[in-house]
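The values are calculated or read from the model by the stated rules, or taken from the named source; none is laboratory data. Predicted, not measured: the structure shown is a model, and the values here were computed from it. Note: ideal-geometry Cβ built from the backbone for every residue, glycine included; neighbour counts use all protein chains shown.
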Amino acid sequence: MATTRLTDVVVPEEFTSYIVQNTMEKTALVEAGVAVRNGEIEAQLTAGADSFTVPNWFDLGNEEADIVSDDPAVDSTPRKLVAGRQVIRKSFLHNSWSAMNLASELAGDDAIARIRERAAAYWTRQLQRRLVASLNGILADNLANDAGDMVYGTEATAFDAVAIINAAATLGDSMRDLSAVAMHSDVYAEALRNDLIATERQSDGGFIQTFRGLAVVVDDGMPKIVGTGTSYVTALFGARAVGYGVTKPRIAEGTEVENKPSSGNGGGQQILHSRVNLAVHPAGFSYVGNPAAASPSIAELATAANWDRVFERKAIPLAFLQHTV
């Protein structure tokens, strides 16, 4: 019986393009408009160095305007426009899968589709995990270094509409810019039980769920803290709260199939190698850590000491609610 092998169905360049495109489109936070593809990040991912700096201009201040006079001896004092910068760390990532275990699943007409779905879904989950880890890191940094001014609640705070409003209020008059809320599935289930989630059917048969007008994102990577009791952290986002990029490597091949004829006592083995360059970055922060390897691990992204806020509070379209259910 003929068996479809990886080398029969994988065109490396096409496969890599598929992986990159699907990884960028199919995370829940991307679909909610919270994480947006950033051209500058993607351009830098194929350049040299392990990190890069994105400069920015801050807005004009709110100082009172000058009161004009007819005194020629009194000159106005011009004010300056202040610049800032965010440091974004790149991640150079790889994983591989053996064709021996996949051979029975990959036989038939849809072999290429099965490979694509498996690898594309994996990288999508990796992007989402790194995004959530980065959020955990900036939350920890905020609690340690900025008096928790982005956080409302304690482990005893009830999860309800009032708590969400109070968390949003940490943004002051920018609270109306929030557009999505990300929560653990335990919190989502509690919200459903309390009839706090509104569901809107779409013409294509899908649906959109909202919590008081905020798009709902459910991810079990959101913090669940088990101690004397169980508490959770729910995050509120504004549009473009997170920038990201995913590209193929500049030097190494994004996709390679390795043949090992001697494996399996000569039966042969094929290994699919998949590589991406990736960066995911919350707006208004710099990654200041020194990873143990060439790229930060998920654990390092979640570490407070590796992040520093460089924007003022109201310019960060993000808030956190700590609570119980």
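Of all residues in segment 153-169, those satisfying the criterion of being more than 16 Å from R212 (Cβ to Cβ) and either among the basic types (K, R) or over 25 Å from the mean Cα position of the chain (by Cα) (or both) are A156, T157.
Quick check on D160: is it out of contact with any Ser or Thr (no Cβ under 9 Å at 6 or more places or on another chain), over 19 Å from A239 (Cβ atoms), free of Cβ contacts under 8 Å to residues at least 60 places away in the same chain and surrounded by fewer than 18 Cβ atoms within 10 Å (Cβ to Cβ)? For D160, the condition - out of contact with any Ser or Thr (no Cβ under 9 Å at 6 or more places or on another chain), over 19 Å from A239 (Cβ atoms), free of Cβ contacts under 8 Å to residues at least 60 places away in the same chain and surrounded by fewer than 18 Cβ atoms within 10 Å (Cβ to Cβ) - is met.
Taken over segment 170-190, the criterion of being under 24 Å from A241 (Cα atoms) and more than 23 Å from the chain's Cα centre (by Cα) is satisfied by G172, D173. One residue stands out in segment 137-152 among those that are of a type outside the set (V, I, T) and within 13 Å of L236 (Cα to Cα): the one that is farthest from the chain's Cα centre (by Cα), namely Y152.
Within segment 1-38, the set of residues being assigned to a loop (DSSP other than H, G, I, E, B) and either at pLDDT below 80 or hydrophobic (A, V, I, L, M, F, W, C) (or both) comprises M1, A2, T3, T4, R5, V10, V11, K26, T27, A32, G33, V34.
Screening segment 220-325 for strands (runs of 3 or more DSSP E) wholly inside it with 2 or more residues that are touching a Phe, Trp or Tyr at 6+ places or on another chain (Cβ under 9 Å) and farther than 30 Å from D195 by Cα returns the ranges 269-282, 285-287, 307-309. Just one of the listed residues (R275, R313, R309) is at pLDDT 90 or above, of a type in the set (K, R) and closer than 21 Å to T53 by Cβ, namely R309.
Quick one: would you say D204 is in a loop (DSSP other than H, G, I, E, B), loosely packed, with under 12 Cβ neighbours inside 10 Å and in contact (Cβ under 8 Å) with a residue 24 or more places away in the chain? Criteria not met by D204. Is it the case that R79 is of a type outside the set (A, V, I, L, M), modelled with pLDDT under 85, more than 30 Å from H184 (Cα to Cα) and more than 26 Å from the chain's Cα centre (by Cα)? Considered against the rule, which asks whether it is of a type outside the set (A, V, I, L, M), modelled with pLDDT under 85, more than 30 Å from H184 (Cα to Cα) and more than 26 Å from the chain's Cα centre (by Cα), R79 comes out as yes. Among the residues making up segment 253-288, those that are within 30 Å of L135 (Cα to Cα) and aliphatic (A, V, I, L, M) are V276, L278, A279, V280, A283, V288.
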